[in-house]
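The values are calculated or read from the model by the stated rules, or taken from the named source; none is laboratory data. Keep in mind it's a predicted model, so treat the numbers as computed, not measured. Here the Cβ positions follow ideal geometry from the backbone for every residue, glycine too, while neighbour counts run over all protein chains shown. The protein model used for the area step is the full one, side chains on, heavy atoms only, and it has no ligands, DNA or RNA in it. Shrake-Rupley method; radii C 1.70, N 1.55, O 1.52, S 1.80 Å.
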Amino acid sequence: QVQLVESGGGSVQPGGSLRLSCTAPGFSLHYYAIGWFRQAPGKEREGVACISSRVGSTNYADSVKGRFTISRDDAKNTVDLQMNSLKFEDTAVYSCAAGWGCDGMNYWGKGTLVTVSS
């Protein structure tokens, strides 16, 4: 069973930046598609970004495109989400997930809270 662990969440002012990291102790993320999802209070979970096991294959939600960047660091066994120009509406619990492809995820982390507030 792949167990994913997120880190890097916290509180930030609008316009600020945070970098989230996803890893899986004992498992290599290299062979998995890794997605970042978020769930705001009272709302359904939505996909934010995903990177496939193929090199150079990424996708983003329209709401974060141009502000967020997902990347893979095989040396560190992490998949990171760089979040810039954060907005109030980015406030959510962010979770990473792993699967065979970006169209379906099988393993999930517990999430890390990102709060954007002035």
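For the chain, the solvent-accessible area of protein heavy atoms averages 55 Å² per residue (probe radius 1.4 Å; ligands and nucleic acids excluded).
Determine the gain in length on full extension of the stretch Leu113-Gln39; use 0.36 nm per residue of separation and subtract their C-alpha separation, reporting nm with one decimal. Write down the numbers at each step before the final one.
Details: separation 74, 0.36 × 74 = 26.64 nm, distance 0.95 nm.
Contour length minus Cα-Cα distance gives 25.7 nm.
Plainly put, the chain has a radius of gyration that is 0.94 times its Kirkwood radius, both from alpha-carbon atoms, as the Rg/Rh ratio. Computed from label points 7 Å out along Cα-Cβ, the spacing between Gln1 and Ser63 is 3.0 nm.
A simple count of charges around Cys22, restricted to other residues whose Cβ falls under 9 Å of its Cβ and scoring Lys, Arg +1 and Asp, Glu -1, yields -2.
Of all aspartates and glutamates in the structure, those lying under 15 Å Cα to Cα from Lys87, and not within fewer than 8 positions of it along the same chain, are Asp62. Rolled with a 1.4 Å probe across the full set of protein chains, the surface gives Lys76 an accessible area near 140 Å².
With all protein chains present, how much of the accessible area of the chain (probe radius 1.4 Å) comes from carbon and sulfur, to the nearest whole percent? Can you show the working numbers first?
On the way: 3060 of 6450 Å².
Of the solvent-accessible surface of the chain, carbon and sulfur hold 47 percent.
Note on the chain: GNM, Cα springs under 10 Å; of Ser11, Ser63, Ser52, the largest mean-square fluctuation is that of Ser63.
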